[in-house]
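What follows is calculated from the coordinates using simple rules that are stated; it is not laboratory data. Because the structure is predicted, anything quoted here is derived from the model rather than measured. Every residue, glycine among them, receives a Cβ derived from its backbone with ideal geometry; neighbour counts consider all protein chains shown.
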Amino acid sequence: MIQHLLLISHVSKHFGGNVAVSDVSFAVEEKQIFGLIGPNGAGKTTLFNCITGFFPTTSGDVIFDNKKINTLRPDEVCKLGMARTWQRVKPLGSLTVLENVMVGAFSITNTTREAEIIAREQLQMVELTDYTTKSAGSLSIGLKKKLELARVLATRPKMLLLDEICGGLNHTETDIILDIIRNIRIKGATIVFIEHDMKAVTSICDRIVVLNSGEKLAEGTPEEITNNSDVISAYLGGGHHA
Amino acid sequence: MKKIALSVIAATAVALPIFIGENPYLIGIMISVLMMAALSSAWNILGGYAGQYSFGHAAYFGTGAYSTLILLTLNNSLNPLFCMAMGIIVASIIALITGSIVFRLRGHYFGLASIAVAEIVRLSVLNLEFTGGAQGILLSDVSLWGIDLNSKNPFYYGMLLVLVVTLSISQYLRTSKTGYYLQAIREDQDAAASLGINLAFYKNKALLISAALTSILGSLYGLYIRFIDTSAVLDLRLSIEIILTAIIGGVGTMWGPVVGALLLVPLAEMLRSNLLGDVLVKAGLVSETSGIGVFLKENLAHAHVLVYGIITVLCILYLPKGILGLFRRVK
C-alpha cells in the first residue's frame, strides 16, 4: 500500500469573487520530491498558504499524516512536522544567524543549550558556519535562502514546503541548494517544491503538478510534463519553444 | 569584568542612602529614578522584546496603587504582600481580557486598544464610589507593619528590589526560549508562526509578566505617596513617559531603560525645580533681571515635557537604537 503523507483533496481558495485556487487535488508520497510549477499568478503560493494554515481553505481538505490540517493555525501545522520557507525571505533581521536557527530549534527543545547544538548542526549542513554571529539582515540573498533552509530544518520536519528557494540565485548557488535538498531527502524528509527554474525542477523532482490560473493543468513525471503540449503552451505562451 | 562592574553598581545602589544621609529631596529623586527604571524595564519585556507597544501601562500601575490603598483604607491590618498580590490579580485580569481579544489581530491594534483600555480604567476609577472618584484616596496611617511610612529609605530599597527582580526576569527571558520567541515575533510574525510559535500565547505571556511587575510598582508607589488620584497614577502622560524612557535608553536592550531613567528623571526634576535657570544665573551667563532670565524663571519649570519631546525627536533621528545603541558594535 502506498503511504500518502500529504493529500490535497478538492481544495479551493476564493478571495471575494477572485478564484485563486480552484478544486485542486493531488497526493504526495513519503520521501518524494514533489514539484509544484506554473506561471505567475497560478496559485502556487496561495496553495502553500492554505496547506500551512496561513489561509483558511474556502472548500476542500488538506490531510497531512492522516490528520486534517486545514483548520489548524500555522504554529500547530509546524508542530505536526510540516515546515515551510518563504518566496520573499523572512529573516529575523536583528537577530544573528545562529539565533535565527535556534528559534526554529526551539520547536523541538526547551533548553537554550540544546537549541544551540541543533542550530550549529543545521548551519553546518547548509555551510553557513562562517556567518554564525552576523546579523541575519546583513546577509546576501543567497545566504538568506540558505538561512531559511537551516531554520526550517532545525524544526526537524517530516515534510518541507520550499517556496522558490532558488529564486534570485545564480547557477552555482542553485546547484548548492539542490544538493542540500537531495541530502535532506536522503535523511528521510519529503519535499514539496515551488519553482520557476524548469531545469532545477526537472532535474530533482520525482513527480510534478502544474497549476495554471488556479486549476490543475497536468500531473506526472518530469518527462511527461516536459512533453505535455498543454503545459508547454501555458508555460511558454503559445507556439514558442524553449 | 562584567561581574565587577555589576557588583560596583549594586554596592553603590545599596550604599547610596547612607551617603546622601537625611536629605529627603535627593532620596525622593533616587526613588523616582529606580521606579521609572523598573517601570520602563517591565514595559520593555512586552514593547522591546516582543515589539508590542503598549501605550496604556498606567492602567496596570494605577490598578496596583488603587487596589493596595483601597484595601488598606478598609482594613489597615492587612499584609502588604497580600495587597500587592490582589493588585497583581486585578492587573492580570485586565491584561488577559485585553490580550485575548486584541492579540488575535495583526498590526497596530494592540497599541490602540491599550490606550482605550487605560482610558476605560481611568474613567471607571474617576466615576466609581469606592475608588474615591475625583477626590482620590488618602491613606491616613503613618505607620504600617512596623514600617515608618514617613521614612523614605524603606521605599528606596523596595524600589531597588523590584528593579533587580525586573532586570533578572528580563535577563532570564532574553536567554530563554520565551525570549527568543518574543524577539522572533517582533522581527516577523509570519516567519515566527511558521516556525511553530503560537503568537497569541507568547504575546499574552509577555503582557502578563509586564503587567504584573508594573502593578507591583504601583502598589509600592501608592504606599510611598499615600495619596493617589487618577491624574497621579492613571494618566496617559505616565504611560508615555514609560515608553520614552525605554526609547531614549534603548528599546529591547536590558540596560536601556535604566540608562533612560538615570538621564530623564533627574533632567525632568532639574527643569521642574528650575535648577537649570538657577545654574545659568549663578554662572553669570544670564542676568536674573534680564528678559531671558525672567523668561527662563517663569517658563522653564513648565517645560520639562517639551524637553522630553525634543530629546525624543533627536533620539529617533540620530540614535534610533537609543543611548545604549551607541555602545553596541554594528555586526
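Tally Lys and Arg at +1 and Asp and Glu at -1 over the other residues with C-beta under 12 Å from the C-beta of A:Lys187: what net charge comes out? Taking every other residue near A:Lys187 into account, the sum is +4. Full extension of the chain between A:Leu80 and A:Asn183 gives 34.9 nm of extra length, using 0.36 nm per residue less the Cα-Cα distance.
Applying 1/(1 + (r/R0)^6) with R0 = 45 Å to the Cβ-Cβ distance of B:Phe82 and B:Ala10, what FRET efficiency is obtained, to the nearest 0.05?
Numbers: r = 29 Å, r/R0 = 0.64.
With R0 = 45 Å, the Cβ-Cβ based efficiency is 0.95.
Calculate the length of the line joining the C-alpha centroid of segment B:13-47 to that of segment A:1-68, in whole Å. Centre-to-centre (Cα) distance: 58 Å.
Ignoring everything except DSSP H segments at least 4 long, calculate the 222 nm mean residue ellipticity for the protein assembly as shown; use -39,500 (n - 2.57) per segment, divide by total residues, nearest 500.
Details: 25 runs with 324 residues, N = 573.
Value at 222 nm, helices only: -18000 deg cm²/dmol.
Give me the extension gain from B:Glu129 to B:Leu161: residue separation times 0.36 nm, minus the current Cα-Cα distance, reported in nm with one decimal. Each step should come with its number before you reach the end.
Values: separation 32, 0.36 × 32 = 11.52 nm, distance 3.39 nm.
Answer, rounded to one decimal: 8.1 nm.
Kirkwood radius for segment B:2-327, taken over all pairs of different Cα atoms as the inverse mean of 1/r, rounds to 20.8 Å.
If the segment from B:Ile115 to B:Asp278 were pulled out straight at 0.36 nm per residue, it would be longer than the present Cα-Cα gap by 54.9 nm. Between B:Thr312 and A:Ser138, the distance separating the two model label sites (each 7 Å from Cα on the Cα→Cβ line) works out to 3.1 nm. Between the amide H of A:Asn212 and those of A:Leu217, distances stay under 5 Å, these residues lying 5 or more places away or on another chain, with hydrogens modeled in the peptide plane.
Lys and Arg at +1, Asp and Glu at -1: add these up for the other residues within a Cβ distance under 15 Å of B:Tyr172 and post the number.
On the way: positive: A:Arg113, B:Arg174, B:Lys177, B:Lys205; negative: none.
Around B:Tyr172, the charge tally is +4.
Using Cβ point charges alone (K and R +1, D and E -1), the dipole size of segment A:62-219 about the Cα centre works out to roughly 380 debye. The distance linking segment A:82-97 with segment A:146-165 is 9 Å (Cα centroid to Cα centroid, whole angstrom). For the protein assembly as shown, the orientation-averaged shadow of the C-alpha convex hull comes to 34.3 nm² (one quarter of the hull surface). Computed over neighbours whose Cβ is under 12 Å from that of A:Ile176, the net charge equals -1, Lys and Arg +1, Asp and Glu -1. Pairs exceeding a 24 Å alpha-carbon distance, out of A:Lys31/A:Lys90; A:Lys79/B:Lys177; A:Lys13/A:Lys68; A:Lys134/B:Lys177: A:Lys31/A:Lys90. Looking at segment A:46-98, the trypsin sites (Lys or Arg not before Pro) that sit in a DSSP loop and have at most 13 other Cβ atoms within 10 Å of their own Cβ are A:Arg88.
The alpha carbon gyration tensor of segment B:5-111 gives principal lengths a ≥ b ≥ c with a/c of 1.5 or higher and a/b no greater than b/c, which makes the shape oblate. Could you let me know the centre-to-centre spacing of segment B:95-112 and segment B:209-284, using Cα atoms, in angstrom? Here the two parts' Cα centres lie 26 Å apart. For peptide B:176-188, the mean count of partner chain Cβ atoms within 10 Å of a residue's Cβ comes to 5.
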